Amino acid sequence: MAKRRLTVQQKRRIEGRQQQHGALQSKGDRVSDDSLEPPREGLIVSNHGQKLLVAELESDADGVAHPVLDIARMYRCHARSNLPPVVAGDRVVFQVERKPASEKLTGVVSALMERRSLLSRPDKFGRLKPVAANVDRICVVVAPLPEPHFNLTDRYIVAAELSGAAPLIIFNKADLVADDPSSRVHEMRELYTSLGYDCILVSAKSKTGTAELLALLDGTTAILCGQSGVGKSALAKLLIDDEEASEIAIGALSEAVIKGRHTTTAARLYRLRAGEGFLIDSPGVREFGLWHLEQTDLTHGFIEFRPFLGQCRFSDCSHTHEPDCAILKALEDGHIDPRRWDSYRATADSLDMFEIRPEA
């Protein structure tokens with residue numbers, strides 16, 4: 001039987017599908033291994049979808065690896081198709097493409113190294129997405145405007161507790177409440193200090209407390225979080241190296257609606273202005289993914305609950321209404337602050353309201 005000839009239109013359709021398939025395939029998979037240098041260790045500075053900005057790790061005289069954050073020496077890499085999602089702060093294995101010295105520094109990320117911590121939050125489709133990796137300090141930024149809320153602040157703190165990162169509560173715009181001891185900021189600072197959390201009053205406007213804050217962050221990788229308008233971008237500009245600070249846009253608080261807007265566009269890692277630390281500036285980090293937790297995990301996120309866990313009459317106690325509940329007894333006896341228990345109850349009630357979907 002003679003072969004059937006394709007029409008011109010059919011050939012075009014087939015060529016179109018082949019081109020589309022090639023576009024969807026990762027460029028990292030199409031790079032020949034012969035064109036790649038030996039593997040190196042690197043740090044993800046930022047993820048821009050199909051492009052990853054990677055800083056090479058170089059060891060000092062003591063053998064300690066440090067990332068080279070000079071933009072002229074960073075590599076613009078593609079990811080292998082089998083690589084899991086990577087975020088700012090991830091340590092990876094990558095290979096540099098052999099090219100003339102005059103060409104751009106490019107490469108391929110082939111492996112993700114073990115993480116010591118990972119922050120995630122749900123996207124608009126309900127899928128849990130990573131936000132930042134290997135974070136040591138979660139800096140919860142609070143300000144007098146927009147009005148701070150215990151529940152939202154406690155959500156960030158719980159996320160930090162469960163991720164393994166140490167919470168640091170930064171009360172920004174301190175100049176607005178310096179002469180008002182009855183303000184919500186002072187109330188919150190008193191409560192969180194009593195729980196053993198590090199708290200600091202700063203002002204990005206007057207630069208008050210900047211040196212003390214840098215000292216607390218020295219030697220760590222930190223991330224700023226908090227509701228819109230509390231001054232995260234302004235703080236970031238003060239904290240990071242001068243040469244990199246110009247890359248961060250500063251958003252103003254809208255006096256008309258007392259509501260801020262996010263100004264950064266992609267999570268990125270920066271070197272701190274002083275010391276040996278790093279800051280990850282991430283867009284839109286309002287609430288980390290607490291909704292995928294079991295209630296038992298949530299209770300461990302409230303540190304003052306821990307001494308009383310396992311002492312309730314019922315093993316599946318919700319700590320909200322059951323008889324002989326050790327948490328409710330501790331609340332009654334004054335060992336747990338009512339404001340914190342209210343936050344716990346509100347967060348526990350929200351766990352059943354959201355469904356976290358698996359990665360597509």
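Readers should treat all values here as calculations from the given coordinates under stated rules, not as data from a laboratory. Since the structure is predicted, the reported quantities are computational estimates derived from the model, not experimental observations. Note: ideal-geometry Cβ built from the backbone for every residue, glycine included; neighbour counts use all protein chains shown.
Quick one: which of 107-115, 304-312 comes out on top by average Cβ neighbours within 10 Å, and what's the full order, highest first?
107-115, 304-312
What is the calculated FRET efficiency for His149 to Asp198, with r their C-beta to C-beta distance and R₀ = 30 Å, to the nearest 0.05? Between His149 and Asp198 the formula returns 0.90.
Computing FRET efficiency as 1/(1 + (r/R0)^6) for Ser35 and Ser59, where r is the C-beta to C-beta distance and R0 is 30 Å, gives about 0.70. Net charge in the neighbourhood of Ala133 (other residues with Cβ under 14 Å of its Cβ; Lys, Arg +1, Asp, Glu -1) is +4. Across the stretch 55-96, the relative contact order, built from alpha-carbon pairs under 8 Å that are at least six residues apart, equals 28 percent. Highest-first packing order for the peptide set 322-333, 37-48 is 37-48, 322-333, based on the mean count of other beta carbon atoms within 10 Å. The slack in the chain from Glu276 to His300, taken as 0.36 nm per residue of separation less the alpha-carbon distance, amounts to 5.5 nm.
Summing charges over all other residues whose Cβ lies under 12 Å from the Cβ of Ser343, with Lys and Arg as +1 and Asp and Glu as -1, gives -1. Kirkwood radius for the stretch 42-122, taken over all pairs of different Cα atoms as the inverse mean of 1/r, rounds to 13.3 Å. Sorting the segments 146-155, 58-67, 119-128 by their residues' average number of neighbouring beta-carbon atoms within 10 angstrom, most packed first, yields 146-155, 119-128, 58-67. Applying 0.36 nm per residue to the separation of Asp241 and Lys129 and subtracting their alpha-carbon distance, the gain on full extension is 37.5 nm.
For the stretch 39-63 versus the stretch 144-176, the inter-centroid distance based on Cα atoms is 30 Å. Computed from the Cβ-Cβ distance with R0 of 51 Å, the FRET efficiency linking Asp342 to Lys104 stands at 0.40.
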